[in-house]
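Asker: This is the structure I have questions about; it appears just below.
The values are calculated or read from the model by the stated rules, or taken from the named source; none is laboratory data. Being a predicted model, the structure only gives us computed values, none of them experimental. Using ideal geometry, Cβ is built from the backbone for each residue, glycine included, and neighbour counts are taken over all protein chains shown. Remember, those area values only see protein heavy atoms, side chains included, never the ligands or the DNA or RNA. Shrake-Rupley method; radii C 1.70, N 1.55, O 1.52, S 1.80 Å.
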Amino acid sequence: MVPKTTTMPTTPQPLDPSRLEPVPTLLRRIRAELSADFPPGQPIRVSRAPGRLDVMGGIADYTGSLVCQATLDRAAAVALREREDRQLQIFSFNLFDEHVPFTFRMSLDALAAASVDDLRRELAEPGRKWAGYLVGCLFVLHEAGLVNLHDPKHKGFNLALYSTVPMGAGVSSSAAIEVATMMNLVEHFGIQSSLDPLRLAALCQSVENRIVGAPCGIMDQVTSCLGEPGSLLRLLCQPHELLPSLRLPPGVRVIGIDSGVKHNVGRGRYGRTRCAAFMAHRIIVEQMRTLGQRAGRTLTRDPMNGYLANLDPDDYKSLFRPHLPEQLRGDEFLKTYGGTIDPATTGEPDTRYHVRQSADHHVLEARRVRRFVSE
């Protein structure tokens, strides 16, 4: 194989600072507003991760669909400076309009001793939830055994965040913060060799699912880690198989328009829709078992391998859709089926779930993405 070579220009080309945003703005605000915590002349580690635009697949990531995602020119930036004590202090320039940044403090010892429930209670205090995206990264690194926070050799540090990814717009503002923070911490602790990008993304997803309490899939974090300008990242979410990216044709750009409708994966419609899709999955498996028994066969495993996206849409329409209720209360589902395979959601007894509508979307969306990629 002939190695690829890169020809460098003889005259250095100036770097466009706008392509590094929001790093220049973050550093400028640190100098102006946080000079006591980030003293001039002291080393600072800075990381940057982009938001993402869902082009195809979107919400069907958690049922195993192929998804196509684009990176944005909007990003989150995180700066880190080590302290002499064992305190973790986080500053955010994003939450309020005041000139003073919002802060969160916690000792490394307290974080090392905390359980997931302890940390979630700590972050549930008014004005603290935002900090979960950053402190959660350190917690999961400790929990995974990649960083031992009990070790006194580890000093505390200050983190400062500034993001230009619109919050609540469905373009992965939270994933950008998690990935920027996780990359910074991985470099700070020197554990790069222990984490490939997909594992790093999975740890960031764990922060979102377990610490923040948002039942998202993994596509946001993978796109923020591995997306490339001018291409669509292709990810088969079973659980996360990266496929060759799709180059956009010359002259084609992907543009997102903010509808003004707030997007929240932490609660409400998103969580109910996800739970309903997994309810449908469980009901379909039971129907497959019944069909197998009628044919004299015993079903020993899930023919969909745990993913609704693997169900043939024509089989779905003719064999399984008629058996799905339009609506089903959580207590009725739990009484009949006992639960789902989804670790991120649990059916609420008094909530009505639109089971058939959710299954329709997931099964047919998976086919739509496959057709998009092949045509």
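Asker: Quick one: would you say residue 352 is touching a strand residue (DSSP E or B) at 6+ places or on another chain (Cβ under 7 Å) and either surrounded by 16 or more Cβ atoms within 10 Å (Cβ to Cβ) or closer than 27 Å to residue 232 by Cβ (or both)? I'd like the intermediate steps shown before the answer.
Answerer: Working: touching a strand residue (DSSP E or B) at 6+ places or on another chain (Cβ under 7 Å): yes; either surrounded by 16 or more Cβ atoms within 10 Å (Cβ to Cβ) or closer than 27 Å to residue 232 by Cβ (or both): no.
Taking the combined requirement at face value, the residue does not satisfy it.
Asker: What number of residues within segment 47-88 satisfy the criterion of being at pLDDT 95 or above, assigned to a strand (DSSP E or B) and surrounded by fewer than 18 Cβ atoms within 10 Å (Cβ to Cβ)?
Answerer: Qualifying residue count, segment 47-88: 2.
Asker: In this structure, is residue 296 within 26 Å of residue 213 (Cα to Cα), modelled with pLDDT under 95, among the small types (Gly, Ala, Ser) and open to solvent by 20 Å² or more (accessible area, probe 1.4 Å)?
Answerer: No: the conditions fail for residue 296.
Asker: Please find, within segment 305-362, the residue that is nearest to residue 269 (Cα to Cα) out of those that are part of a helix (DSSP H, G or I) and polar (S, T, N, Q).
Answerer: 358
Asker: Can you name the residue in segment 102-120 that is charged (D, E, K, R) and without any contact (Cβ under 8 Å) to a residue 12 or more places away in the chain and, of all such residues, is farthest from residue 86 (Cα to Cα)? It would help to see each step written out before you state the result.
Answerer: Step one: of segment 102-120, the residues charged (D, E, K, R) are 105, 109, 117-118, 120.
Now narrow it down to the ones that are without any contact (Cβ under 8 Å) to a residue 12 or more places away in the chain: 117-118.
On the way: 117: 22, 118: 19 Å.
Ranking the qualifying residues of segment 102-120, first place goes to 117.
Asker: If a residue must be under 19 Å from residue 355 (Cα atoms) and either in a helix (DSSP H, G or I) or of a type in the set (Lys, Arg) (or both), how many such residues does segment 258-288 contain? Reasoning before the result, please.
Answerer: Here is the first cut: in segment 258-288, the ones under 19 Å from residue 355 (Cα atoms) are 265, 267-288.
The next check asks that each one be either in a helix (DSSP H, G or I) or of a type in the set (Lys, Arg) (or both); those that pass are 267, 269-288.
Final tally of qualifying residues: 21.
Asker: Which residues, taken from segment 338-375, are of a type in the set (Phe, Trp, Tyr) and out of contact with any Lys or Arg (no Cβ under 9 Å at 6 or more places or on another chain)? Even if it seems obvious, please write down each step before you answer.
Answerer: Keep residues of segment 338-375 that are of a type in the set (Phe, Trp, Tyr), which gives 353, 372.
If the condition is that a residue be of a type in the set (Phe, Trp, Tyr) and out of contact with any Lys or Arg (no Cβ under 9 Å at 6 or more places or on another chain), then 372 is the only one that fits.
Asker: Specify the residue that is most open to solvent (accessible area, probe 1.4 Å); the eligible residues are those in segment 305-334 that are of a type in the set (A, V, I, L, M, F, W, C) and touching a residue at least 24 places away in the same chain (Cβ under 8 Å). Even if it seems obvious, please write down each step before you answer.
Answerer: From segment 305-334, those of a type in the set (A, V, I, L, M, F, W, C) are 308-309, 311, 319-320, 324, 328, 333-334; that's our starting set.
Filter once more, keeping what is touching a residue at least 24 places away in the same chain (Cβ under 8 Å): 308-309, 311, 319-320, 324, 328, 333.
Working: 308: 3, 309: 6, 311: 10, 319: 73, 320: 12, 324: 3, 328: 23, 333: 3 Å².
For segment 305-334, the residue satisfying everything is 319.
Asker: So the check is Cβ under 7 Å with 6+ separation or different chains; which pairs have a first residue in segment 226-238 that's closer than 20 Å to residue 74 by Cβ and a second one that's in a loop (DSSP other than H, G, I, E, B) and aliphatic (A, V, I, L, M)?
Answerer: Going by the 7 Å Cβ cut-off, the qualifying pairs are 230/248; 231/248; 232/248.
Asker: Which ranges mark the helices (runs of 4 or more DSSP H) fully within segment 110-196 that have 1 or more residues being hydroxyl-bearing (Ser, Thr, Tyr) and open to solvent by less than 50 Å² (accessible area, probe 1.4 Å)? Give the derivation first.
Answerer: Working: elements: 116-123, 132-143, 173-189.
So the answer is 132-143, 173-189.
Asker: Condition first: hydroxyl-bearing (Ser, Thr, Tyr) and part of a loop (DSSP other than H, G, I, E, B). Can you find one or more residues in segment 363-374 that meet it? Steps first, please.
Answerer: First, pick out the residues of segment 363-374 that are hydroxyl-bearing (Ser, Thr, Tyr): 374.
Still in the running and part of a loop (DSSP other than H, G, I, E, B): none.
No.
Asker: Moving to a separate point now. Output the number of the condition that residue 230 fails; it satisfies all remaining conditions of (1) touching a strand residue (DSSP E or B) at 6+ places or on another chain (Cβ under 8 Å); (2) surrounded by 15 or more Cβ atoms within 10 Å (Cβ to Cβ).
Answerer: Condition not satisfied by residue 230: (2).
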